[in-house]
1. Based on what the data block shows, is V56 closer than 20 Å to P101 by Cα, aliphatic (A, V, I, L, M), open to solvent by less than 70 Å² (accessible area, probe 1.4 Å) and out of contact with any Pro (no Cβ under 9 Å at 6 or more places or on another chain)?
2. Determine whether R76 is touching a residue at least 24 places away in the same chain (Cβ under 8 Å), of a type in the set (D, E, K, R) and surrounded by 13 or more Cβ atoms within 10 Å (Cβ to Cβ).
3. Which residue pairs have Cβ atoms closer than 6 Å, lie 6 or more positions apart in sequence or on different chains, and pair a first residue in region 110-125 that is at pLDDT 95 or above with a second residue that is among the aromatic types (F, W, Y)?
4. Within the bounds of region 32-52, is there any residue that is in contact with a strand residue (DSSP E or B) (Cβ under 9 Å, 6 or more places away or on another chain), polar (S, T, N, Q), under 17 Å from G93 (Cα atoms) and modelled with pLDDT under 95?
5. Hand me the list of helices (runs of 4 or more DSSP H) wholly inside region 43-148 holding 3 or more residues that are under 23 Å from D8 (Cα atoms).
6. For residues that are of a type outside the set (G, A, S) and assigned to a strand (DSSP E or B), scanning just region 16-42, find the one that is surrounded by the most Cβ atoms within 10 Å (Cβ to Cβ).
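The values are calculated or read from the model by the stated rules, or taken from the named source; none is laboratory data. Keep in mind that what you see is a predicted model, and the values were worked out from it rather than measured. With ideal geometry, Cβ positions are generated from the backbone for all residues, glycine too; neighbour counts draw on all protein chains shown. Side chains are part of the model used for accessible areas, which takes the heavy atoms of the whole protein and leaves out ligands, DNA and RNA. Shrake-Rupley method; radii C 1.70, N 1.55, O 1.52, S 1.80 Å.
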Amino acid sequence: RLAAAIPDLRFVMVGRGLSADVFSESDAAIPGNLTILGELAHADVMNAIAACDAVVVTSKREGLPTLVLEAMAIGRNVVVPNEPGCLEAVDGGSLGAVYSPGDIDDLATKVRSAIETPPPPAARERVIAEYDWRVVARTLDAIYRSAD
């Protein structure tokens, strides 16, 4: 629906279980500005993120969205649904655009804004400071040591 709503932009869809066949089974038309890549190896996902102007998450629910953190770490704007996991990743919206799920007009507006606005440097800084595995491992180690 987003690709159809913004026909002058190109979209790439990546994820497990995604294919043109899935769309044809649901009688959904694939807009000409949408390329469906389906499931990719992690390195290929990272290359796709690096090639994009912005990363749009359309999941209805995320725990801690690694995709969002990876995109922020390599300096891409992110557009995420208003749901707890994504809100945590974008610091309540200060480090990424947040849209109302189900509101295609809101999503389209946020995507256009994300493409036209430089990513906030604080997004990458936060990911490195709080979510880098070296930081997370030390934090977990301290938690488990304090339980003794």
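1. Spelling it out, V56 is indeed closer than 20 Å to P101 by Cα, aliphatic (A, V, I, L, M), open to solvent by less than 70 Å² (accessible area, probe 1.4 Å) and out of contact with any Pro (no Cβ under 9 Å at 6 or more places or on another chain).
2. Yes, satisfied.
3. Going by the 6 Å Cβ cut-off, the qualifying pairs are K110/Y99.
4. No, region 32-52 contains no residue that is in contact with a strand residue (DSSP E or B) (Cβ under 9 Å, 6 or more places away or on another chain), polar (S, T, N, Q), under 17 Å from G93 (Cα atoms) and modelled with pLDDT under 95.
5. Once the helices (runs of 4 or more DSSP H) in region 43-148 are filtered for at least 3 residues that are under 23 Å from D8 (Cα atoms), what remains is 104-116.
6. Among those residues, the one meeting the criterion is L34.
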